[in-house]
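*Asks:* Right, I'll just put the structure down here and ask away after.
The values are calculated or read from the model by the stated rules, or taken from the named source; none is laboratory data. Everything quoted here is computed from the prediction, not taken from an experiment. So basically every Cβ, Gly included, is an ideal-geometry build from the backbone, and we count neighbours across all protein chains shown. Ligands, DNA and RNA are stripped out before the accessible areas are found, and what is left, the full protein with its side chains, is counted by its heavy atoms. Shrake-Rupley method; radii C 1.70, N 1.55, O 1.52, S 1.80 Å.
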Amino acid sequence: MSLKLVEVVVLGQVLRLNVPAEQEEILRQAARNLDLQVSEMKERTGLLQLDRVLSIVALNLSFELTQEKNKNAQIENVLCTRIQQLDHSLENALGGRTIVD
């Protein structure tokens, strides 16, 4: 995996980061998304203190990430249950014989 030096602008500051070449566009999207969220939060709250705005944005992003992780865990549990049910059904259909890879 080769690294590429990428420049992104976040909150008016140029950041130079080494990232895998295939992740460059995702990083650029993330930088644009962060800028947008900070700008929107400043407008909505009227806060001028950047550290407070960043704290709120970071908390919102962390909350969203936690929600997505919880959804993924629920989906994984459902899939595991379904796989176990299918495995059990296959065992019954084969008359108790086990399937070996």
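*Asks:* Under the condition of being free of Cβ contacts under 8 Å to residues at least 12 places away in the same chain and open to solvent by less than 100 Å² (accessible area, probe 1.4 Å), which residue from segment 16-28 is nearest to LEU3 (Cα to Cα)?
*Replies:* GLN23
*Asks:* What are the pairs with Cβ atoms under 9 angstrom where one residue, in segment 41-69, is under 20 Å from GLN13 (Cα atoms) and the other, located anywhere, is surrounded by fewer than 10 Cβ atoms within 10 Å (Cβ to Cβ)? Sequence gap at least six, or different chains.
*Replies:* From segment 41-69, the pairs are LYS42/LEU48.
*Asks:* Would you mind stating whether ASP87 is assigned to a helix (DSSP H, G or I), open to solvent by 100 Å² or more (accessible area, probe 1.4 Å) and acidic (Asp, Glu)?
*Replies:* The answer is no for ASP87.
*Asks:* I'm told GLU40 meets every condition in (1) open to solvent by 60 Å² or more (accessible area, probe 1.4 Å); (2) closer than 25 Å to ASN60 by Cα; (3) among the acidic types (Asp, Glu); (4) within 19 Å of the chain's Cα centre (by Cα) except one. Can you identify the failing condition by its number?
*Replies:* (4)
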